[in-house]
1. Given the options 36, 78, name the one that is buried (at least 20 other Cβ atoms within 10 Å of the Cβ) and without any contact (Cβ under 8 Å) to a residue 40 or more places away in the chain.
2. Going through segment 28-71 one residue at a time, which ones are in contact with a Gly (Cβ under 8 Å, 6 or more places away or on another chain) and within 25 Å of residue 139 (Cβ to Cβ)?
3. Working only within segment 98-138, note down all residues that are within 15 Å of residue 33 (Cα to Cα), in contact with a strand residue (DSSP E or B) (Cβ under 8 Å, 6 or more places away or on another chain) and not in a strand (DSSP E or B).
4. Can you name the condition, by its number, that residue 73 falls short on among (1) on the phi > 0 side of the Ramachandran plot; (2) among the charged types (D, E, K, R); (3) within 13 Å of the chain's Cα centre (by Cα)?
5. Could you list all residues from segment 96-109 that are surrounded by 16 or more Cβ atoms within 10 Å (Cβ to Cβ) and either touching a residue at least 40 places away in the same chain (Cβ under 8 Å) or more than 16 Å from residue 76 (Cα to Cα) (or both)?
6. In segment 58-74, is there at least one residue being in contact (Cβ under 8 Å) with a residue 60 or more places away in the chain and either touching a Pro at 6+ places or on another chain (Cβ under 8 Å) or surrounded by fewer than 18 Cβ atoms within 10 Å (Cβ to Cβ) (or both)?
7. Within segment 37-46, identify whether any single residue is within 19 Å of residue 121 (Cβ to Cβ) and aromatic (Phe, Trp, Tyr), and answer yes or no.
8. In segment 1-26, what residues are surrounded by 18 or more Cβ atoms within 10 Å (Cβ to Cβ), modelled with pLDDT under 95 and assigned to a strand (DSSP E or B)?
Amino acid sequence: MVTPTFRSTDHGPATPFRIHGRVDFELCPPLLSTLAVGPFNQELVTALGKLAFEVYREMSASGPWMELVRFEESALAAPEVLRSFGSVLVQLAAQGLGPKAVAYVLDPEVEGTLLMAPLFAQSFAGAGILFAHFPSEPEARAWLEAQA
């Protein structure tokens, strides 16, 4: 059994402006379990971009992999933050570091779920990464298993 390793945007370098939001990664190939606690600002996406290149590179070294992302508190991000996130996804995919599939768990109680779900879908489509979102983790896991 693989021992998971953990990474978080909370452990990155200091930024001139305070990071809003947090993303925690649990690496256990072939699954990357991610916790995203929003709302998110540009500084978070900048930190996430740097960390994602490290994490995605490590995950890709083990072969095909998938990502399960659970959201807590809020999924909200301003349009420019979402554009930056989409750019990070495109760069990761262009380098062959993207996952085989990504499932987001967007509970209806999470702030901004209805607004953000289709916008996240557009970001992943723009990067050519298979994506779906679900209101619960069991549904998301079942979908990921079907993609294996």
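1. Numbers: 78 fails: buried (at least 20 other Cβ atoms within 10 Å of the Cβ).
Result of the check over 36, 78: 36.
2. Let us first name the residues in segment 28-71 that are in contact with a Gly (Cβ under 8 Å, 6 or more places away or on another chain), namely 29-30, 36-41, 44, 47, 50-51, 56, 60, 71.
Of everything in segment 28-71, those that are in contact with a Gly (Cβ under 8 Å, 6 or more places away or on another chain) and within 25 Å of residue 139 (Cβ to Cβ) turn out to be 29, 30, 36, 37, 38, 39, 40, 56, 71.
3. Across segment 98-138, the qualifying residues are 99, 100, 106, 136, 137.
4. Result: residue 73 fails condition (3) only.
5. Taking segment 96-109 as the starting set, the residues that turn out to be surrounded by 16 or more Cβ atoms within 10 Å (Cβ to Cβ) are 97-99, 101-106.
Of everything in segment 96-109, those that are surrounded by 16 or more Cβ atoms within 10 Å (Cβ to Cβ) and either touching a residue at least 40 places away in the same chain (Cβ under 8 Å) or more than 16 Å from residue 76 (Cα to Cα) (or both) turn out to be 97, 98, 99, 101, 102, 103.
6. Initially, segment 58-74 is screened for residues in contact (Cβ under 8 Å) with a residue 60 or more places away in the chain, giving 66, 68, 70.
Applying the additional criterion that residues be either touching a Pro at 6+ places or on another chain (Cβ under 8 Å) or surrounded by fewer than 18 Cβ atoms within 10 Å (Cβ to Cβ) (or both) yields 66.
Scanning segment 58-74 turns up at least one residue that is in contact (Cβ under 8 Å) with a residue 60 or more places away in the chain and either touching a Pro at 6+ places or on another chain (Cβ under 8 Å) or surrounded by fewer than 18 Cβ atoms within 10 Å (Cβ to Cβ) (or both).
7. As a first pass, look at segment 37-46 and keep what is within 19 Å of residue 121 (Cβ to Cβ): 38-40, 45.
Now drop any that are not aromatic (Phe, Trp, Tyr), which leaves 40.
Looking through segment 37-46, at least one residue is within 19 Å of residue 121 (Cβ to Cβ) and aromatic (Phe, Trp, Tyr).
8. 7
The values are calculated or read from the model by the stated rules, or taken from the named source; none is laboratory data. Treat the numbers as computed from the prediction; the structure is a model and nothing was measured. FYI the Cβ positions are ideal-geometry reconstructions off the backbone, even for glycines, and counts take in every protein chain you see.
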